[in-house]
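Only one structure is covered here, and it is reproduced in the block below.
The values are calculated or read from the model by the stated rules, or taken from the named source; none is laboratory data. In this text, all values refer to a predicted model and were calculated from it rather than measured experimentally. Positions of Cβ are backbone-derived with ideal geometry, glycine not excepted, and every protein chain shown enters the neighbour counts.
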Amino acid sequence: MKKLYFIILTFFLCYTTIGQTTQNAWIRINQVGYLPQSQKVGVWVSKSEEKVTSFSLVDVLTKKVVFHSSQIQQFGKYASFQSAARLNFSKFTQQGTYYLQVGQTKSPIFRINADVYEGSADFVLKYMRQQRSGYNPFLKDSCHKADGFIVYHPDKQKDSTHLDVSGGWHDASDYLQYVTTSANAIFQMMFAYQENPEVYTDKHDAWGNLGKNGIPDILDEAKWGLDWLVKMNPAKHEFYNQLADDRDHRGLRLPNKDLTKYATNQGLARPVYFITGKPQGFKYKNRTTGVSSTVGKFASAFALGHHLFQSYYPAFAKQLKEKAIDAYQFGKEFPGVSQTAPGGAPYFYEEDNWVDDMELAATQLSNVLTERKIVDEAATFGRQEPTTPWMGADTARHYQWYPFVNLGHYFLAKNTTQKTYSKEFKQYLESGIEKVFQRGKNNPFLNGVPFVWCSNNYVSGLITQLVLYRKLTNSTKYIAMEAAMRDWLLGCNPWGTSMICGYPNAGISPQDPHSAFTHLYNYKIDGGLVDGPVYGSIWNKLIGITLYQPDEYAQFQSDLVVYHDDYGDYSTDEPTMDGTASLSFLLSHYEKEGLGQTNSKIEKESGGIIRMNPNEKKIYLAFTGHEFNDGGETITKVLDKQHIKANFFFTGDFYRNPAFKTTIEKLIAQKNYVGCHSDKHLLYAPWTNRDSLLINKEQFTTDLQQNYDALAKFGVQAKQAQYFMPPYEWYNQTIVDWTKQAGLTLVNYTGGTSSNADYTTPDMPNYKSSEQIFQRIFEYEASEAKGLNGFILLTHIGVSPERKDKFYDRLDELIQVLKAKGYSFAKFE
């Protein structure tokens with residue numbers, strides 16, 4: 001028999017060597033995968049002038065072509081490539097694991113499944129928590145507790161005095177903090193929750209430490225930012241714009257080891273800049289003209305915070321309402337932009353627009369004040385900037401038009417009480433999209449975003465606008481562009497890398513970002529969105545750029561656009577806090593779309609299925625086996641007698657044991673589910689540190705392949721046994737991801753009944769007798785609202801001779817009682 005289709009090892013390696021059989025052409029894909037009912041496109045690129053005539057979609061497990069097409073959109077030269085093509089397989093909707101193939105060129109493997117975005121919305125919060133100032137839950141330590149001392153205050157008696165502004169988030173891999181980006185990040189996260197609350201979970205407390213507190217984690221994170229904003233607005237018409245300045249850039253260190261001194265008499269306190277409405281800075285100065293751009297952001301964050309936190313923190317919510325009204329009024333009194341203050345370097349946030357901030361603030365206050373005129377004011381502001389100026393532009397100064405998406409337009413467009421505004425602002429949203437579409441329609445990635453500093457943030461803003469426009473109008477006019485921009489961030493770009501650190505876990509993503517966490521200590525910074533590619537002309541002129549490692553993407557760089565995964569390139573590989581926050585809505589939206597594309601209500605833990613549909617009165621009896629099979633004969637007889645099917649997960653050693661052959665053949669003949677449990681029953685992760693690993697990817701793949709080879713000798717192919725139960729029932733997200741890449745689904749038992757304790761012996765402290773297990777199963781069944789619905793009830797096909805009290809001897813009785821209670825029994829299909 002052929003070596004199991006599991007020569008997937010080759011395809012596993014596609015994630016580290018893109019294009020196994022050629023150095024001349026590559027196929028870029030969304031490494032996270034594709035929802036079944038979504039646009040699905042890969043991009044083929046080549047260093048030669050050639051054309052693609054057809055492509056195939058190949059099932060990883062069977063190696064069979066499941067979709068073939070000659071409908072290809074051809075493109076000529078782009079970036080470092082001489083030719084390119086878009087490979088559209090949107091019509092194919094069957095869930096599974098696949099790769100695209102053009103000639104001998106194969107893409108990395110990817111999944112089509114309704115769960116591909118599962119957990120993604122919460123994933124980016126990892127980086128937000130890591131960016132926390134004051135108390136940092138990642139480091140389990142405090143930092144910047146002395147902040148800060150006031151500068152630029154018009155009252156000279158207050159200048160240089162202390163103001164408690166400790167908290168918030170560090171802006172990027174430096175430790176500066178800006179209201180401009182922080183307030184936008186707060187609003188983006190709250191907006192994401194407001195639009196898609198069902199995808200967010202509660203696994204952390206308000207401090208960011210593990211432990212539920214009854215509040216979704218994304219609101220905990222937004223509250224952390226709001227608390228800091230309140231400190232930056234200590235009194236009526238008293239607002240501060242930023243904390244620290246570029247004197248921060250004096251060396252690499254973790255935030256809790258930051259000893260930078262800004263003044264000889266202020267200790268470790270950092271300057272907090274009062275908003276004056278006038279230019280600020282020392283060696284270099286900004287071009288501030290007023291206050292509206294910043295206080296408008298204060299107002300919108302405070303107003304939405306008031307709405308979302310009333311049930312959790314009513315007194316705090318009331319305070320936010322008062323502050324929102326004051327901030328909005330102050331912005332109307334002193335219109336203009338309030339840019340961040342530069343110091344010894346010419347880099348600062350050069351925000352030139354402010355009406356969008358006031359428009360958004362007015363839309364949020366319309367939910368607080370109920371005055372008709374506030375909506376009219378929002379529309380007046382919005383009409384002054386129908387489209388965000390970067391849209392359609394070739395270039396922009398750093399954060400010149402910010403935020404990168406105008407959510408005020410969305411709120412006016414969805415306003416059903418004023419039909420005129422709704423139609424008008426939908427047109428504004430479409431007009432901006434169309435400008436970017438026209439700029440990008442002639443390149444294979446459909447990317448019309450200018451490759452300026454933080455281009456990924458522009459992409460994120462554009463996707464947000466595309467999604468919202470689609471929601472508002474039900475139009476599919478720009479659906480290909482939306483998918484292309486989404487996929488750009490997730491690997492379908494010239495470099496074939498995701499732009500989000502650590503996501504997807506088993507794919508290619510930034511490994512050497514511009515961060516002290518990774519560079520000095522090799523700490524992972526999961527969830528961080530890096531700045532992204534810049535024009536070659538920009539990169540060549542930047543100050544202080546030094547690549548520390550050979551450029552693994554050298555063959556993909558061009559005069560047009562450059563991206564490096566290298567600590568030394570702060571222009572393309574530095575994660576940003578606000579960019580990461582802007583992913584909240586996008587990922588929560590796609591995660592929610594995935595929920596809508598499946599009827600399954602399965603429950604998961606660390607990515608593995610631990611319970612099937614709890615709304616169905618079905619139980620999935622599961623048995624594992626490695627070295628013992630003393631219960632095999634009893635179990636097969638009981639299943640035969642009761643006319644039910646069960647699920648068996650055996651190791652390769654079990655399948656190879658000649659003494660167990662009769663049992664295995666009998667189980668297969670009965671049409672039970674028979675699958676794999678690893679070849680050598682390896683322990684994948686330490687018992688005391690589940691998030692780490694005791695094996696590497698190659699060891700996992702080899703062991704799994706050998707397990708399936710052993711199963712194949714009984715005539716069961718991998719395609720027939722796609723559910724895999726890990727050895728010791730112990731795994732983590734990485735193991736789940738590796739399993740998915742193999743085209744398999746990881747399942748584990750449902751906890752609570754102690755059924756899996758049937759292996760214990762009397763000398764063990766966790767010993768459970770068969771009677772105790774039997775009673776515990778029914779105690780649990782009676783105590784839970786949904787009983788054992790969807791339960792994966794695990795026991796063992798054999799146990800140590802040291803255990804004389806065999807639970808499988810009570811299997812017949814167990815099944816009879818469960819049947820009497822109305823349960824049926826199912827196997828994995």
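Can we say Ala516 is over 22 Å from Trp169 (Cα atoms) and in contact (Cβ under 8 Å) with a residue 40 or more places away in the chain? Taking the combined requirement at face value, the residue does not satisfy it. In this structure, Arg111 does not qualify as touching a Phe, Trp or Tyr at 6+ places or on another chain (Cβ under 9 Å), at pLDDT 95 or above and either in the same structural domain as Leu57 (by TED's automatic domain parsing) or of a type in the set (Lys, Arg) (or both). Scanning the range 192-230 for residues that are within 16 Å of Phe316 (Cβ to Cβ), without any contact (Cβ under 8 Å) to a residue 24 or more places away in the chain and assigned to a helix (DSSP H, G or I) yields a single hit, Asp220.
When you check Tyr312 against the structure, is it assigned to a loop (DSSP other than H, G, I, E, B) and under 27 Å from the mean Cα position of the chain (by Cα), yes or no? Give the derivation first.
Values: assigned to a loop (DSSP other than H, G, I, E, B): yes; under 27 Å from the mean Cα position of the chain (by Cα): yes.
Considered against the rule, which asks whether it is assigned to a loop (DSSP other than H, G, I, E, B) and under 27 Å from the mean Cα position of the chain (by Cα), Tyr312 comes out as yes.
Where in the range 17-107 are there strands (runs of 3 or more DSSP E), lying fully within it, with 1 or more residues that are at pLDDT 95 or above and under 28 Å from Asn505 (Cα atoms)? Strands (runs of 3 or more DSSP E) meeting the threshold: 25-28, 41-46, 55-59, 65-69, 83-88, 96-102.
Against the list (1) aromatic (Phe, Trp, Tyr); (2) surrounded by 23 or more Cβ atoms within 10 Å (Cβ to Cβ); (3) in contact (Cβ under 8 Å) with a residue 60 or more places away in the chain, the condition Phe654 fails is (3).
For the range 315-342, a residue qualifies if it is of a type outside the set (Val, Ile, Thr) and assigned to a loop (DSSP other than H, G, I, E, B), and the qualifying residues are Phe334, Pro335, Gly336, Ser338, Gln339, Ala341, Pro342. Considered as a group, the residues in the range 447-482 that are of a type in the set (Gly, Ala, Ser) and closer than 20 Å to Tyr34 by Cβ include one that is surrounded by the most Cβ atoms within 10 Å (Cβ to Cβ), and that residue is Ser460.
Residues being among the small types (Gly, Ala, Ser) and crowded, with 21+ Cβ neighbours inside 10 Å: count how many of those fall in the range 413-446. Lay out the reasoning, then the answer.
At the first step, the residues of the range 413-446 found to be among the small types (Gly, Ala, Ser) are 413, 422, 431-432, 440.
Going one step further and asking which of them are crowded, with 21+ Cβ neighbours inside 10 Å, we end up with 413, 432.
Looking only at that region, the number is 2.
Is it the case, given these coordinates, that Pro386 is touching a Ser or Thr at 6+ places or on another chain (Cβ under 9 Å), crowded, with 24+ Cβ neighbours inside 10 Å and either closer than 28 Å to Asn474 by Cβ or outside the structural domain of Asp171 (by TED's automatic domain parsing) (or both)? Judged against the criteria, Pro386 is not a match. If you filter the range 231-256 down to residues that are within 29 Å of the chain's Cα centre (by Cα) and not in a loop (DSSP other than H, G, I, E, B), you find that the one that is surrounded by the fewest Cβ atoms within 10 Å (Cβ to Cβ) is Asn256. Considering the conditions (1) under 19 Å from Ala299 (Cβ atoms); (2) surrounded by 15 or more Cβ atoms within 10 Å (Cβ to Cβ); (3) touching a residue at least 24 places away in the same chain (Cβ under 8 Å); (4) not charged (D, E, K, R), His398 is excluded by exactly one of them, (1).
Kindly indicate whether Ile508 is under 20 Å from Asp566 (Cβ atoms) and among the hydrophobic types (A, V, I, L, M, F, W, C). Taking the combined requirement at face value, the residue satisfies it.
Quickly run through the range 587-612 and pick out the residues that are under 24 Å from Arg486 (Cβ atoms) and either buried (at least 19 other Cβ atoms within 10 Å of the Cβ) or hydroxyl-bearing (Ser, Thr, Tyr) (or both). Passing the criteria: Leu587, Ser588, His589, Tyr590, Glu591, Gly594, Thr598, Ser600, Gly607. Ala718 fulfils the conditions (1) modelled with pLDDT of 95 or more; (2) over 28 Å from Tyr780 (Cα atoms) except for a single criterion, (1). Residue pairs whose Cβ atoms lie under 8 Å apart, sitting 6 or more positions apart in sequence or on different chains, and linking a residue in the range 118-140 that is at positive phi to a partner that is of a type in the set (Lys, Arg), are Gly134/Lys145.
What are the residues in the range 203-225 that are under 17 Å from Ser120 (Cβ atoms) and of a type outside the set (A, V, I, L, M, F, W, C), if any?
First, the residues of the range 203-225 that are under 17 Å from Ser120 (Cβ atoms): 203-204, 216-218, 221.
Of everything in the range 203-225, those that are under 17 Å from Ser120 (Cβ atoms) and of a type outside the set (A, V, I, L, M, F, W, C) turn out to be Lys203, His204, Pro216, Asp217, Glu221.
In the set (1) surrounded by fewer than 21 Cβ atoms within 10 Å (Cβ to Cβ); (2) on the phi > 0 side of the Ramachandran plot, the condition left unmet by His144 is number (1). Counting only residues that are modelled with pLDDT under 95 and under 17 Å from Thr663 (Cα atoms), the range 607-627 holds 0 of them. Taken together, the criteria place Thr750 among residues that are assigned to a loop (DSSP other than H, G, I, E, B), in contact with a Lys or Arg (Cβ under 6 Å, 6 or more places away or on another chain) and either charged (D, E, K, R) or touching a residue at least 60 places away in the same chain (Cβ under 8 Å) (or both).
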